[in-house]
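First the structure, in the form of structure tokens, and then the observations on it.
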């Protein structure tokens with residue numbers, strides 16, 4: 001009875017029907033001691049979203065080569081910008097569930113080959129234009145164009161036709177059934193943009209439908225935004241202003257949060273977690289999700305076009321040592337597949353790729369290779385990347401493999417090194433489903449196939465299996481297809497998935513958020529600007 005009474009009082013306090021003093025008096029009258037009543041009042045108020053203030057978000061990502069074009073977004077900074085200034089047909093909520101966003105509902109027919117999305121009515125772009133089906137179709141066609149360089153092009157390759165049924169209904173016809181298609185359209189690249197005469201004229205136009213309007217942007221430096229007064233989502237986008245600042249240097253990022261120059265930072269180095277936790281004004285915020293750190297070998301470039309050389313390197317790495325020394329236990333060892341047990345149809349019977357001197361030496365000798373192998377890296381890839389590649393070089397040396405570390409500049413790393421150099425360090429935030437993860441980075445048609453694994457017999461079979469599993473409705477058959485796809489990828493592919501890393505952040509205690517926080521990306525699904533507030 002008392003609990004119900006206190007819940008009602010808490011609700012009234014959060015809604016502003018009573019003030020803090022009235023709540024405390026009511027709590028004491030219900031039998032709570034004064035300290036408990038004070039603490040409860042503070043907690044209730046902290047959990048009540050409030051508008052106002054300027055969020056200063058320090059990001060470990062960002063490059064001078066970045067642009068506002070959603071299709072070219074390739075790092076956490078540009079992704080956060082997309083989510084602040086724009087929206088998608090669907091989104092992954094802070095509870096990890098797929099929910100409608102610019103769509104108000106969706107349904108399928110014809111064995112998940114036809115998908116219908118009903119659009120929200122009255123949603124406005126920042127320029128005052130009302131969003132219609134024409135904007136959605138133009139956006140998708142921008143990414144699907146044969147000359148498109150969008151990272152979402154591969155994701156959308158299965159779309160056969162897009163048509164509208166009035167101004168607020170979109171119909172997608174796919175080449176085959178895809179039960180995961182509503183997840184695909186939530187991909188951050190596919191931010192709905194305003195069309196002119198049925199086309200996207202300028203993908204770098206900052207105009208979107210999101211909670212914040214871009215005021216100024218310096219790629220690789222900072223972006224400044226102000227709240228959109230006409231935002232269609234109630235109870236979201238609480239800050240008056242948002243400033244996102246690129247702080248790629250780990251020490252600079254740490255100093256900025258400790259000195260109060262920013263309110264939030266991502267990618268806290270595990271080595272400094274204990275230090276930051278001792279700062280009275282700060283709080284450590286850690287989530288476990290699908291983030292993994294990789295070292296992709298491009299199989300179309302020597303010496304990685306040699307299967308035995310790839311296998312030698314996979315067995316020459318001490319993965320648990322990486323977890324212990326780089327992540328300091330904030331994660332777990334990888335096994336050369338980009339999916340884990342959090343996803344459906346995870347193959348629990350894969351061989352374990354852990355340091356094995358005998359197997360590494362066997363495959364290296366069989367490869368016929370000799371001489372140093374270059375490994376490019378920068379801490380822009382992930383916090384501790386340079387230390388990680390030094391550990392890899394040391395363990396490889398134990399089995400007679402010589403690795404030359406190439407320290408690359410942080411600025412421009414994602415444009416000039418990743419997906420270009422034959423072997424490099426990389427991070428992936430992961431995706432909610434296997435099909436989405438594979439379609440983003442491993443199938444033949446995607447721009448982000450950073451291992452260039454396309455032309456081997458195993459790669460071709462993998463692609464066929466992904467397509468089959470995408471439309472398979474029989475759970476047992478789908479499991480078999482995904483299990484075999486993982487086996488092929490782990491064995492023949494160029495991905496070295498070294499470790500699964502927790503997302504570690506630090507923020508001022510003045511920031512507050514919902515009880516449940518998303519783990520599909522860092523930074524509460526990269527939606528801090530939309531979901532958090534100042535308590």
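The condition of being out of contact with any strand residue (DSSP E or B) (no Cβ under 8 Å at 6 or more places or on another chain), surrounded by fewer than 19 Cβ atoms within 10 Å (Cβ to Cβ) and not assigned by TED's automatic domain parsing to the domain that holds residue 495 holds for only one of 227, 236, that being 236. Each residue in region 263-289 was checked for being surrounded by 15 or more Cβ atoms within 10 Å (Cβ to Cβ), touching a strand residue (DSSP E or B) at 6+ places or on another chain (Cβ under 6 Å) and free of Cβ contacts under 8 Å to residues at least 24 places away in the same chain, and 0 pass. In region 268-279, the count of residues that are assigned to a loop (DSSP other than H, G, I, E, B) and more than 22 Å from the chain's Cα centre (by Cα) is one or more.
Taken residue by residue, region 122-133 has at least one member that is at pLDDT 95 or above and either part of a strand (DSSP E or B) or in the same structural domain as residue 235 (by TED's automatic domain parsing) (or both). Could you tell me which residue of region 461-479 is surrounded by the most Cβ atoms within 10 Å (Cβ to Cβ), considering only residues that are modelled with pLDDT of 90 or more and over 27 Å from the mean Cα position of the chain (by Cα)? Going through the qualifying residues, I end up with 461.
Checked against the criteria, residue 440 counts as farther than 21 Å from residue 311 by Cβ, modelled with pLDDT under 95, surrounded by 21 or more Cβ atoms within 10 Å (Cβ to Cβ) and in contact with a strand residue (DSSP E or B) (Cβ under 9 Å, 6 or more places away or on another chain). With respect to residue 161, determine if the residue is within 24 Å of residue 69 (Cα to Cα), in the same structural domain as residue 119 (by TED's automatic domain parsing), part of a strand (DSSP E or B) and in contact with a strand residue (DSSP E or B) (Cβ under 8 Å, 6 or more places away or on another chain). Answer is yes for this residue.
Of 511, 489, all but one fail to be surrounded by 24 or more Cβ atoms within 10 Å (Cβ to Cβ) and more than 21 Å from the chain's Cα centre (by Cα); the exception is 489.
Restricted to region 19-114, the set of strands (runs of 3 or more DSSP E) holding at least 2 residues that are modelled with pLDDT of 95 or more and in contact with a helix residue (DSSP H, G or I) (Cβ under 6 Å, 6 or more places away or on another chain) comprises 54-59. Select from region 290-335 the residues that are in contact with a strand residue (DSSP E or B) (Cβ under 6 Å, 6 or more places away or on another chain) and at positive phi and list them in ascending order. Scanning region 290-335 gives a single hit, 331.
Residue selection: residue 150 satisfies the criterion of being in contact (Cβ under 8 Å) with a residue 24 or more places away in the chain, part of a loop (DSSP other than H, G, I, E, B) and either under 26 Å from residue 472 (Cβ atoms) or not assigned by TED's automatic domain parsing to the domain that holds residue 454 (or both).
For region 141-164, the candidate set comprises residues that are surrounded by 17 or more Cβ atoms within 10 Å (Cβ to Cβ) and over 17 Å from residue 175 (Cβ atoms); within that set, the residue that is modelled with the highest pLDDT is 142. Filtering region 194-211 for residues that are on the phi < 0 side of the Ramachandran plot, under 23 Å from the mean Cα position of the chain (by Cα), at pLDDT 95 or above and not in a loop (DSSP other than H, G, I, E, B) leaves an empty set. Going by the conditions given, is residue 339 under 21 Å from the mean Cα position of the chain (by Cα) and in the same structural domain as residue 487 (by TED's automatic domain parsing)? The answer is yes for residue 339.
The values are calculated or read from the model by the stated rules, or taken from the named source; none is laboratory data. This is a predicted model, so every value here is computed, not measured. Please note: Cβ atoms are built from the backbone with ideal geometry, for glycine as well, and neighbour counts cover all protein chains shown.
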